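Down below is the structure, laid out as structure tokens.
The values are calculated or read from the model by the stated rules, or taken from the named source; none is laboratory data. Treat the numbers as computed from the prediction; the structure is a model and nothing was measured. Methodologically, a virtual Cβ is constructed for each residue, glycine included, from the backbone with ideal geometry; neighbour enumeration extends over all protein chains shown.
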Amino acid sequence: MNHYDVIIIGAGPAGVAAASALADHKRVMVFERDLWGGTCPNRGCDPKKMLYRAAELKTATRDMQPAGVRGELTINWPELMAHKRSYTSTVPGGTLTGLHAAGVNTRHGELEFFNRHTVALAGDLFDADDIIIATGRKPAKPDIPGAELLKTSNEFLDLDQLPQRIAFIGAGYVSVELANIAAAAGADVHIINRSETILRGWDERATATLKQAMTNAHIHWHDNIHLESVAKSESGVWLHGEDGFSLNVNAAFAATGRSADLGIDLSPIGLEMTAKGLPVNEFMQTKIPHIYAIGDAVDKTQPKLTPVASFEGRYVAKHLLGMSEPIAYPVIPEIVFGTTEIARVGVDLQTAKADPDRYQVLDQDVSNWYTYHRTLDHTARVATIRDRQTQLLVGALVVGDHAEELINQFTLLIQQHQAFDPQQVLFAYPSASSDLSYLL
């Protein structure tokens, strides 16, 4: 029997954050059954954004044509993929090296629970005082005939060649982001959408702006389609839906969501999952107090994002080292890297507009401001939300080229719970941040 203070199942951002924070104080063992580093750096947000850079440049070049920019960029997919792999190929080894340098023990393979304190791997038993489950999520596929013919984001982000005609099933984050990349790279892109809206839960005006930008980029929408089956064709697959819908593409990618990917049978220890993951309390404990769950494997209301997973990993480490306070999440920003960017943080616009006695909304079309006129970004819009009583910023929505920069500035202001005094802060000028005094 091999004894450790803490066993961590999963070496993605959540598990690595917990292991790194515990390494100087506890004897830690980390198990991983797939790629060291987890989904985000290997086949998720990091490689996606590397590919997005090429799409971003092509969109910017197209937008600037009325200002004298001529010609059109082309994207060489194999070369772009080689660029992506120059990063992702280093992630598993780099993660493993980092864990070992911190003094963390590691093993690779498929685990089984032997009892509530013990796991088994290839005939060896490992027990611990505490166990942390940090196994993440995996792409889901619709429950329809022929679903096995659908690919997922995992395959898209490592394609050797880009298929000429592509379909994405769903209209959430993954679909709109990957569709933008594929279209920019020259593919004929189709999106199968069960309704007419996209990015459920986001501000409808912002998502309508994004959808129109995608349409302008020659992405085809098939709205109000309930997909019923997938079948092989000579050139790829047929997608069949109700009311006679049929579409033949070279490749189709399921992008209808993600599901918890435990990869380990919980029945021997009496734990059960919901459809959204493992239930936990305010200390990230499952119903078995010494077994914790963190990251995307958890059933929670917070967005399942990499920074959130890492935050939970650090929190559980502190809890195991003696901190008694329940987890208190900071404000969490979200961003969609689409044909135009949209980002949000804090109180959402729908909530704010429904309660005008409590919230003050400043919703501005800023496309004619210098920052956006310079790049001919006709989608640019910024909405800020203040608490009427305190006059503190409590929420923001950004649409346009500089959403990434501005949403982080707004996040800092909200998290600090302090009023912004433009007379006391100097920003580099001209820049998106130098507009802050006019946005609040």
Expected single match for hydrophobic (A, V, I, L, M, F, W, C) and closer than 30 Å to S89 by Cβ among L210, L157, L227 is L157
With the condition kept exactly as written, say whether any residue in the range 206-213 is modelled with pLDDT under 95, closer than 30 Å to V345 by Cβ and more than 18 Å from the chain's Cα centre (by Cα).
no
Of (1) assigned by TED's automatic domain parsing to the domain that holds D203; (2) of a type in the set (D, E); (3) in a helix (DSSP H, G or I), D160 satisfies all except one. Which?
(3)
Among the candidates L266, L247, L278, residue that is assigned by TED's automatic domain parsing to the domain that holds V189 and either modelled with pLDDT of 95 or more or surrounded by fewer than 20 Cβ atoms within 10 Å (Cβ to Cβ) (or both):
L247
I'd like the full set of residues that are in a strand (DSSP E or B) and of a type in the set (F, W, Y), limited to the range 73-132.
F113, F114, F126
Checking A185 against (1) at negative phi; (2) in the same structural domain as P41 (by TED's automatic domain parsing); (3) touching a Leu at 6+ places or on another chain (Cβ under 6 Å), which test does it fail?
(2)
With the requirement that a residue be of a type outside the set (S, T, Y), more than 21 Å from A82 (Cβ to Cβ) and under 22 Å from the mean Cα position of the chain (by Cα), what does the range 141-182 give you?
K141, P142, L150, A167, F168, I169, G170, A171, G172, V174, V176, A179
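A quick yes/no check of all residues on (1) basic (K, R); (2) buried (at least 18 other Cβ atoms within 10 Å of the Cβ); (3) within 24 Å of D158 (Cβ to Cβ); (4) assigned by TED's automatic domain parsing to the domain that holds S153:
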{"site": "G37", "(1), (2), (3), (4)": "no, yes, yes, no"}
{"site": "A55", "(1), (2), (3), (4)": "no, yes, yes, no"}
{"site": "A82", "(1), (2), (3), (4)": "no, no, yes, no"}
{"site": "V91", "(1), (2), (3), (4)": "no, yes, yes, no"}
{"site": "F113", "(1), (2), (3), (4)": "no, yes, no, no"}
{"site": "V119", "(1), (2), (3), (4)": "no, yes, no, no"}
Please verify whether V347 is in the same structural domain as D130 (by TED's automatic domain parsing), under 26 Å from the mean Cα position of the chain (by Cα), among the aliphatic types (A, V, I, L, M) and surrounded by 16 or more Cβ atoms within 10 Å (Cβ to Cβ), treating the condition exactly as stated.
no
Which pairs have Cβ atoms under 7 Å, sit 6 or more apart or on different chains, and link a residue in the range 73-85 that is under 14 Å from N42 (Cα atoms) to one that is loosely packed, with under 14 Cβ neighbours inside 10 Å?
M81/D160
Right, T209: among the hydroxyl-bearing types (S, T, Y), assigned to a loop (DSSP other than H, G, I, E, B), out of contact with any Leu (no Cβ under 9 Å at 6 or more places or on another chain) and surrounded by 14 or more Cβ atoms within 10 Å (Cβ to Cβ) or not?
no
May I ask you to verify whether I414 is touching a residue at least 60 places away in the same chain (Cβ under 8 Å), in contact with a strand residue (DSSP E or B) (Cβ under 6 Å, 6 or more places away or on another chain), surrounded by 15 or more Cβ atoms within 10 Å (Cβ to Cβ) and farther than 14 Å from D203 by Cα?
yes
Checked against (1) at negative phi; (2) exposed (fewer than 14 other Cβ atoms within 10 Å of the Cβ), T152 satisfies every condition except (2)
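For the range 322-421, which fully contained helices (runs of 4 or more DSSP H) count at least 1 residues that are in contact with a Ser or Thr (Cβ under 7 Å, 6 or more places away or on another chain)?
The helices (runs of 4 or more DSSP H) meeting that bar are 403-416.
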Looking at (1) closer than 23 Å to S175 by Cβ; (2) touching a Leu at 6+ places or on another chain (Cβ under 9 Å); (3) among the polar types (S, T, N, Q), which is the only condition S259 fails?
(2)
Residue among R116, R165, R137 that alone is basic (K, R), in contact (Cβ under 8 Å) with a residue 60 or more places away in the chain and out of contact with any Ser or Thr (no Cβ under 9 Å at 6 or more places or on another chain)
R116
